[in-house]
Amino acid sequence: MCVLCGQLLSSHWAEVGGGTRDRIARVKFLNTVLAHWGLRLDDWGNRVYVLRNAKGVGKPVPDLGRLWVIAEQLNDGPLDPLDPALAQRLRAGAA
Amino acid sequence: MTDDPRGADERIPVTLLTGFLGSGKTTLLARLLGHPGMGETAVIVNELGEVGIDHHLLTRVDERTVLLDSGCLCCTLRGDLADELRDLIDRRDAGEIPPFRRVVVETTGLAEPAPILFTLLTDRLVQANYRLDGTVTTVDAVNGADQLDRQPEAAKQAAVADRLVVTKTDIAGPGAAAGLAARLRRINPHAPILEVVLGEIEPDALLAAPERDLRAVADELAAERAANRAGQLHESGDSAGRGHDHGDGRGRGARLGTGHQHGSGEAHAFSIVLEEALDWTAFGVWLSMLLQAHGQSVLRVKGLLDVGGEGPLLLNGVQHVVHPPEHLVAWPDSDRRSRLVVIARGIDEGAVRDSLVAFDAAARAG
């Protein structure tokens, strides 16, 4: 429910009701986005994500809410979805 | 369309009554509780006022907050409120107090609304027994505009409202109420604005009903369609009223509607209308990321989304706190386009729209 405090809740709002197929699709899409900052997400047994930066430093991620907090730490800076370069990259990949 | 697109929810509705300092919350509450239809109402207040509401199930809490490790202020747990809501259930079950059908929580004038919503959505026992029915915000016609200028909490309280109540219109100067209403409408266009003198209002007009919330979103859509036809809809980077092709080869349209353009950091609402169904995975990733990066700027997010099901998905968020989305069994009217309403300050509306469309296109291509 809260992007910063998602680990306290039963499920992150964007992950409620989703099955394994949804989780796989989410990880795949997240990697499309995270690649913009040289980050990669892996899913361990459909239970916990592991996020790594380009230096290979990894951290466990319980859900989508905490992902962005940990991504900022590993990126050493914010990840802005409004970055025009990200939108351009996503559109180019979709073309 | 069905009579009840949400289906039955047996949980006890909680109405949050918030408002600017001295704006008449307690007067309004006292009048409301005097209405015969409000007899089985439990009331939680921070301060016991002089207004006589003693015959009601009244309980007082000392505002007690717990700041979580994340340091996110809007996710502060209101431990006092959670304890009191749980206690009401325990006492009812033990026969110590009569059954109650509704709870009204009156906040202090400076209370942050998001922690209260976060508490209602986070505590498992509270969540199992209660549902947030709506937020009523009082604004007084004499001082409201000044408070909007000076107090950041005031804009937040206006932004989270499902109903805005303008009080003291009888003692305000000529035009004050109309000017304030126009400003409130820019901040929160989908909340009905009600003028109330000395708390005189029927409960039914004030307490939110789910169908009315849906109706408000649907009405906004209809109004925007009409504005679009009249060529009044703003379109960043495009001609007014045309769809926006982002080169994804699908011609997917997203329209951006605002009452007018804002160059300042004042809170205001804008809407994004999408012509085709959204990819829910992309939307969840996009919104959670947006709220992390710009959570202090985005005061409210609300919408009806077409994610490919029979009915829409109802989305409702306050700052970082997002309600669990609800799948509705039917659309409120024949318009099935997704519409997202964002209340924000200091954020590039066009960039928000472009970003959402780019995320959606990428997910579909993947």
Legend entry - Subset of segment B:277-289 [within 14 Å of chain A (Cβ to nearest Cβ) and touching a strand residue (DSSP E or B) at 6+ places or on another chain (Cβ under 9 Å)]: B:278, B:280, B:283, B:287, B:288
Legend entry - Evaluation of residue B:212 against (1) closer than 17 Å to residue B:299 by Cβ; (2) part of a helix (DSSP H, G or I); (3) modelled with pLDDT under 85 (one fails), failing number: (1)
Inset, instruction - Just name the residue that is nearest to residue B:155 (Cα to Cα) out of those in segment B:327-363 that are surrounded by fewer than 18 Cβ atoms within 10 Å (Cβ to Cβ) and among the acidic types (Asp, Glu). - result: B:348
Legend entry - Count of segment A:42-81 residues which are surrounded by 20 or more Cβ atoms within 10 Å (Cβ to Cβ) and within 13 Å of another protein chain (Cβ to nearest Cβ): 10
Legend entry - Residue that is modelled with the lowest pLDDT [pool: residues in segment A:13-41 that are farther than 24 Å from residue A:93 by Cβ and more than 7 Å from chain B (Cβ to nearest Cβ)]: A:17
Legend entry - Looking only at segment B:278-299, and only at residues there that are without any contact (Cβ under 8 Å) to a residue 24 or more places away in the chain and more than 14 Å from residue A:30 (Cβ to Cβ), the one that is surrounded by the most Cβ atoms within 10 Å (Cβ to Cβ): B:293
Legend entry - In segment A:82-93, residue nearest to the chain's Cα centre (by Cα) [restricted to those that are within 14 Å of residue A:31 (Cα to Cα) and facing chain B (nearest Cβ under 7 Å)]: A:90
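Here's the yes/no breakdown for (1) assigned to a loop (DSSP other than H, G, I, E, B); (2) under 27 Å from residue A:16 (Cα atoms):
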| position | (1), (2) |
| --- | --- |
| A:42 | no, yes |
| A:46 | yes, yes |
| A:50 | no, yes |
| A:59 | no, yes |
| A:67 | no, yes |
| A:72 | no, yes |
| A:81 | yes, yes |
| A:88 | no, no |
Inset, instruction - Answer with yes or no whether residue B:344 is facing chain A (nearest Cβ under 7 Å) and of a type in the set (A, V, I, L, M). - result: no
Inset, instruction - Would you check if there is a residue in segment A:48-64 being of a type in the set (Asp, Glu) and on the phi > 0 side of the Ramachandran plot? - result: no
Legend entry - Check on residue B:308, surrounded by fewer than 20 Cβ atoms within 10 Å (Cβ to Cβ), within 14 Å of another protein chain (Cβ to nearest Cβ) and over 26 Å from residue B:154 (Cα atoms): yes
Inset, instruction - Might you check whether a residue that is in contact (Cβ under 8 Å) with a residue 12 or more places away in the chain, in the same structural domain as residue B:178 (by TED's automatic domain parsing) and of a type in the set (D, E, K, R) occurs anywhere in segment B:143-154? - result: yes
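The values are calculated or read from the model by the stated rules, or taken from the named source; none is laboratory data. None of the values given here were measured: they were computed from a predicted structure. Heads up, the Cβs are rebuilt from the backbone with ideal geometry, glycines too, and the neighbour counts pull from every protein chain shown.
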